[in-house]
Amino acid sequence: MTLLRSALFNAYFFGLTAVLTVAGTLQALIAPERSLRVAVVWARLIVAGARVICGIRLEVSGREWLPTRGPALIASVHQSAFDTLVWLTLLPRCCYVLKQELLRIPLMGPLIGKTGMIAIDRSAGAASIRRLLREGDRAVREARQIVIFPEGTRGAPSQPLALQPGIAALAARTGLPVIPVVTDSGLRWGRRAFHKRAGVIHIRLGPPIAAGTPREILMRKLDSVFRAGVGSAPGDVDKLVD
């Protein structure tokens, strides 16, 4: 059953992505400012398809920390492609920090560019940090909610990765509190995995780490929260941030 559901979902995912990419490209010629709306529709339909076809449900805790308007900075564990779309459904004006290679995908790449996401060349060293900061300034001016994956790439649920410096630089530049997030999405939608397994994907937001927190303390708190993971109780995650 898992194999059949996964096959149906993958067909749905790629078919829907192709249709909305073409539709979004045509719309962008007329009203490029509406490109983010197309991305949100796509993400909502994918999340709904995962629920209906694969039996993957979403449970979000710590919703009191979920931004409802204005600029915000969210630092999340990254385990799955699911993480790269779900925030479009949870935030009013999501702005992902993503790898620049995605902009080279035919049709989809230019459309991603029009949504105002922050694309970074991970091999560019200091130049990538400078671009991240410039684009972070732009996102704040536009009242966007920035979502960054401090680990820099997807990791297995049981293997937290070292944190990259971009999150500390972005927090210092924007002056925003950092909202830490843990998830177990990789248990249901694995990295480069064909199979999508029925069950619940948990997303847990913790209380914001205060703006102006020194770099070393910020990184230590984030690392503690990420390593505690979604398996810890909400109160335990709160204590790690305090």
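Looking across the range 49-85, just one residue is closer than 19 Å to Glu135 by Cβ and in a helix (DSSP H, G or I), and that is Thr84. When the residues of the range 1-20 are filtered to those that are hydroxyl-bearing (Ser, Thr, Tyr) and open to solvent by less than 30 Å² (accessible area, probe 1.4 Å), the one that is modelled with the highest pLDDT is Thr17. Would you mind stating whether Thr174 is of a type in the set (S, T, N, Q) and more than 30 Å from Val52 (Cβ to Cβ)? The answer is yes for Thr174. Cβ separations smaller than 9 Å between residues 6+ apart or across chains give the following pairs from the range 8-20 residues that are closer than 10 Å to Ala50 by Cα and among the aromatic types (Phe, Trp, Tyr) to residues that are surrounded by 12 or more Cβ atoms within 10 Å (Cβ to Cβ) and modelled with pLDDT under 95: Phe9/Lys196. A Cβ distance below 8 Å, combined with a sequence gap of six or more or placement on separate chains, defines the contacts here; from the range 154-171, residues that are surrounded by fewer than 16 Cβ atoms within 10 Å (Cβ to Cβ) reach residues that are in a loop (DSSP other than H, G, I, E, B) and at pLDDT 85 or above in the pairs Ala156/Gln79; Ala162/Glu151. If the condition is being under 16 Å from Arg204 (Cα atoms) and free of Cβ contacts under 8 Å to residues at least 24 places away in the same chain, then the range 80-100 contributes only Thr84. Among the residues of this structure, Val47 does not count as one that is surrounded by fewer than 19 Cβ atoms within 10 Å (Cβ to Cβ) and either farther than 28 Å from Gly212 by Cα or not hydroxyl-bearing (Ser, Thr, Tyr) (or both). Of all residues in the range 188-201, those satisfying the criterion of being under 19 Å from Val77 (Cβ atoms) and either among the small types (Gly, Ala, Ser) or surrounded by fewer than 19 Cβ atoms within 10 Å (Cβ to Cβ) (or both) are Gly190, Arg191, Arg192, Ala193, Arg197, Gly199, Val200.
The set of residues in the range 133-153 being part of a helix (DSSP H, G or I) and open to solvent by less than 10 Å² (accessible area, probe 1.4 Å) consists of Gly136, Ala139. Pairing each residue of the range 111-139 that is closer than 17 Å to Phe149 by Cβ and of a type in the set (Lys, Arg) with any residue that is outside any helix (DSSP H, G or I) and open to solvent by 30 Å² or more (accessible area, probe 1.4 Å), provided the two are 6+ apart or on different chains, yields C-beta distances under 7 Å for Arg122/Lys99; Arg122/Gly152.
Taking the criterion of being in contact with a strand residue (DSSP E or B) (Cβ under 8 Å, 6 or more places away or on another chain) and either in a helix (DSSP H, G or I) or open to solvent by 50 Å² or more (accessible area, probe 1.4 Å) (or both), the residues of the range 86-101 that qualify are Val86, Trp87, Leu88, Leu90, Pro92, Arg93, Lys99, Gln100.
Quick test for you: out of Arg104, Arg63, pick the one residue that is loosely packed, with under 14 Cβ neighbours inside 10 Å, more than 30 Å from Met219 (Cβ to Cβ) and of a type in the set (Lys, Arg). It is Arg104.
If the condition is being at pLDDT 95 or above and under 17 Å from Glu151 (Cβ atoms), then the range 186-203 contributes only Ile203. Considering only residues in the range 21-37 that are open to solvent by less than 40 Å² (accessible area, probe 1.4 Å) and of a type in the set (Gly, Ala, Ser), the one that is farthest from Gly109 (Cα to Cα) turns out to be Ala31.
The values are calculated or read from the model by the stated rules, or taken from the named source; none is laboratory data. Just so we're clear, the structure is a prediction, and the values are computed from it rather than from any experiment. When we count neighbours, we look across all protein chains shown, and the Cβ atoms used for this are built from the backbone with ideal geometry, even at glycine. Remember, those area values only see protein heavy atoms, side chains included, never the ligands or the DNA or RNA. Shrake-Rupley method; radii C 1.70, N 1.55, O 1.52, S 1.80 Å.
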